[in-house]
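Remarks on the structure that follows.
Nothing in this text is a laboratory measurement; each read-out follows from the coordinates by a stated rule. It should be emphasised that the depicted structure is a prediction, and the values quoted were computed from it without experimental measurement. Neighbour counts run over all protein chains shown; Cβ positions are idealised from the backbone, glycine included.
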Amino acid sequence: MEFIGSIFTLYWERADWFLGLLGTHMLLSGIAIGIAGVAGLGIGVLISEFRKAAPVVIGICNVCYTIPSISLFGLLIPFLGIGNPTAVTALTIYAMMPMVRNTYTGITGIDRDILEAARGMGSTRWQILWRVKLPLAVSVILTGLRSMVVMTIAVGGIASFVGAGGLGVAIYRGITMYDPAMTFAGSLLIAAFALLADLLLGFAEKIYKKKRRMF
Amino acid sequence: MKWGKRIFAGVLAVALTVALAACGTAEPSTSGQGSQTAQKDPIKIATKPMTEQYILGEMLALVIEDATGYPTEITKGIGGGTSNIHPAMEKGDFDLYPEYTSSGWAVVLKHELKSVSDEEMFQKLKEEYHNKYGMTWIGLYGANNTYAVVVRGDVAREHDLETVSDLAKVSSGLVFGGNPDYMEREDGFAVLRDTYGLNFKKVVDLDIGLKYTALVNGDIDVTNGYTTDAQLGHADVAVLADDKQLQANYFGSTVVREDTLEEYPGLQEALEKMDGILTDSEMAQLNYSVEVEKKDEKQVAHDYLVSKGVIKE
């Protein structure tokens with residue numbers, strides 16, 4: 001109980017500081033999510049249309065994804081220096097994989113007969129993609145998006161290692177100062193932010209599906 | 001039959017206890033059966049996550065092994081330094097580690113910094129560590145690893161900076177980067193900022209190992225360095241004078257558990273050999289050999305101790 005009390009004392013006494021960190025965290029992860037969301041979707045669509053490129057592209061994404069996050073941040077320092085650009089780049093590289101893969105899986109998993117029927121009705125390639133493939137793949141793509149968002153917000157906690165802001169600053173200070181309350185206070189905000197983002201996306205997904213009568 | 005066995009066992013237990021007590025060894029009871037000549041457990045040495053501590057850790061191990069032959073085991077780079085090593089020392093996870101006087105004074109004992117003279121502080125450190133934790137401080141290496149405000153060379157030249165007070169006049173156009181514990185601790189950044197009225201354009205938290213890279217690359221303009229940092233005197237950076245005498249002195253020494261000293265006769269004498277063997281610039285040079293010239297820290301420690309005649313070739 002005392003521990004929880006000390007966390008809330010921290011929030012209260014240093015509200016501005018924590019809000020600032022939360023703001024930076026939202027900005028950093030938001031930019032990465034935006035870039036990876038759009039680019040990942042685009043690449044996923046492209047490799048499902050041009051399948052020969054798929055194994056190579058997915059292979060590259062997989063390799064990037066397996067680099068431990070702390071070393072990815074470290075590897076980028078010689079090129080981008082320290083600070084926010086490095087953090088956003090690393091987070092974006094991480095976020096690409098789930099987006100590309102889920103978009104690809106979603107589109108390639110569609111029943112061939114449906115596509116055959118669409119072609120038979122005289123639809124162009126673009127119409128098939130836009131009117132048939134993407135709407136049918138949306139569930140799988142959204143699942144990828146949601147897990148990507150939660151992951152990016154969480155991994156953003158390590159960004160402070162390379163001098164970027166965000167709630168990782170509180171976590172890192174807590175660790176180096178042997179102050180578990182500080183570490184927990186930072187982690188709790190990250191978890192709350194990630195959960196909230198996931199809930200909002202879930203809500204948006206529901207509305208979208210209702211509209212398209214997908215239930 | 002049954003009772004006979006129990007009585008026999010009881011007598012045997014008492015006899016063994018008496019025999020062990022008579023031996024008067026400090027061996028833990030679990031290995032009480034072992035003979036006196038059996039290998040002792042290694043002496044466990046901890047270090048903070050910085051090059052200087054790795055070198056000092058190797059030196060301590062070399063001095064101990066050379067003088068006493070006891071095996072040692074170094075755990076390098078405990079994150080957070082003092083605040084994480086001290087609790088582990090209390091638990092007995094480690095036997096000794098290189099520490100700095102004012103760190104023990106402020107972080108462990110929670111005393112006001114600079115409230116006493118350096119000599120008085122060392123006496124009180126020994127006293128209070130003995131009373132509170134059953135630990136003591138042995139020997140002063142000679143080097144004083146205190147805080148220094150470091151700026152990039154071109155910034156210093158452009159604004160003609162010599163003291164931290166000079167820096168205050170131009171700080172609003174500069175970026176400060178410091179390691180997280182310096183940014184958070186009470187005797188750290190906040191005191192520096194308030195004492196000199198510094199008002200930086202931006203302040204960032206940075207891992208301790210990245211500070212000089214970031215400084216030289218221009219990601220930050222000012223950082224908190226230490227007087228024994230490898231890059232001082234080699235990279236294009238300038239140390240600003242602490243013209244308001246803000247910083248306390250941090251003399252290197254060894255903190256050791258007293259029960260370890262009892263268990264390993266001769267250890268105390270071995271550790272005393274570290275007394276007065278290093279100056280700030282010698283320490284900085286050793287750090288440079290390891291950090292920049294990429295030499296092996298054990299080799300660097302070994303060569304230095306041999307050159308000072310502390311250990312045999």
Open item on the list: Can you list residues from other chains, or at least 5 along the same chain, whose modelled amide H is less than 5 Å from the amide H of B:HIS111?
Closed with: B:ALA106
- [ ] Rounded to the nearest 10 degrees, what's the angle between the helix A:15-49 long axis and the longest principal axis of chain A, both from Cα atoms, 0 to 90?
- [x] 20 degrees
- [ ] Mind checking the full-extension length gain between A:ARG119 and A:LEU201? Use 0.36 nm per residue of separation minus the Cα-Cα distance, one decimal, nm.
- [x] 26.2 nm
- [ ] Kindly list the residues of the stretch A:93-120 that lie in the label zone of A:GLN127, defined by a backbone N under 13 Å from the point 7 Å along the Cα-to-C-beta vector.
- [x] A:117-120
- [ ] Out of all DSSP beta bridges with both ends in the protein assembly as shown, state the antiparallel percent to the nearest 5.
- [x] 60 percent
- [ ] Return the long-range amide H neighbours of A:GLY166 (sequence gap of 5 or more, or a different chain), with a cut-off of under 5 Å between placed amide H atoms.
- [x] A:THR24, A:HIS25
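Going by how many other Cβ atoms sit within 10 Å of their own, how do B:THR163, B:THR82, B:THR146 line up, fewest first? Write out the running numbers ahead of the final one.
On the way: B:THR163 14, B:THR82 22, B:THR146 17.
Ordered from fewest to most neighbouring Cβ atoms within 10 Å, B:THR163, B:THR82, B:THR146 come out as B:THR163, B:THR146, B:THR82.
Computed FRET efficiency, Cβ-Cβ of B:LYS295 and B:LEU109, R0 45 Å: what is it to the nearest 0.05? Please report the intermediate quantities before stating the final value.
Working: r = 36 Å, r/R0 = 0.80.
Given R0 = 45 Å and the Cβ-Cβ separation, E is 0.80.
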Open item on the list: If you average the alpha carbon positions of the stretch B:129-175 and of the stretch B:54-116, how far apart do those two centres end up, in angstrom?
Closed with: 21 Å
- [ ] Tabulate in residue order the Karplus-calculated ³J(HN,Hα) for the stretch A:66-75, using 6.51 cos²θ - 1.76 cosθ + 1.60 with θ = phi - 60°, rounded to whole Hz; enter x for Gly and Pro.
- [x] 7, 5, x, 4, 5, 7, 4, 4, x, 5
Task: Charge-dipole axis of the protein assembly as shown as Lys and Arg at +1 and Asp and Glu at -1 on Cβ define it, positive-most pick from A:ILE70, B:MET274, B:GLN245 - done: A:ILE70
Task: Proxy reagent accessibility, fewest Cβ within 10 Å first, across A:ILE114, A:ILE207, B:ILE208 - done: A:ILE207, A:ILE114, B:ILE208
TODO: Tabulate in residue order the Karplus-calculated ³J(HN,Hα) for the stretch A:133-144, using 6.51 cos²θ - 1.76 cosθ + 1.60 with θ = phi - 60°, rounded to whole Hz; enter x for Gly and Pro.
DONE: 5, 4, x, 6, 8, 4, 4, 5, 5, 5, 4, x
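If R0 is 30 Å, what FRET efficiency do you get for A:LYS52 and A:ARG212 from their C-beta distance, rounded to 0.05? Numbers along the way, then the final one.
Working: r = 32 Å, r/R0 = 1.06.
So, using R0 = 30 Å, E works out to roughly 0.40.
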Task: Separation of alpha-carbon centers, the stretch B:246-307 and the stretch A:22-45, rounded to whole Å - done: 49 Å
Open item on the list: I need the phi-derived Karplus couplings for the stretch B:198-207: 6.51 cos²θ - 1.76 cosθ + 1.60, θ = phi - 60°, integer Hz, Gly and Pro marked x.
Closed with: 7, 9, 6, 4, 8, 10, 10, 8, 9, 5
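Which trypsin sites (Lys or Arg not before Pro) from the stretch A:11-68 combine a DSSP loop assignment with at most 13 other Cβ atoms within 10 Å? Spell out each step's value before the answer.
Details: sites: A:ARG14, A:ARG51, A:LYS52; in loops: A:ARG14.
Hits after loop and neighbour filter: nothing returned.
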Open item on the list: Under a crude label model (7 Å from the Cα following the beta-carbon direction), how far is B:ASN131 from A:ALA191 in nanometres?
Closed with: 4.1 nm
Task: Amide H partners (placed H, <5 Å) of B:ALA143, local residues excluded - done: B:GLY252, B:LEU278
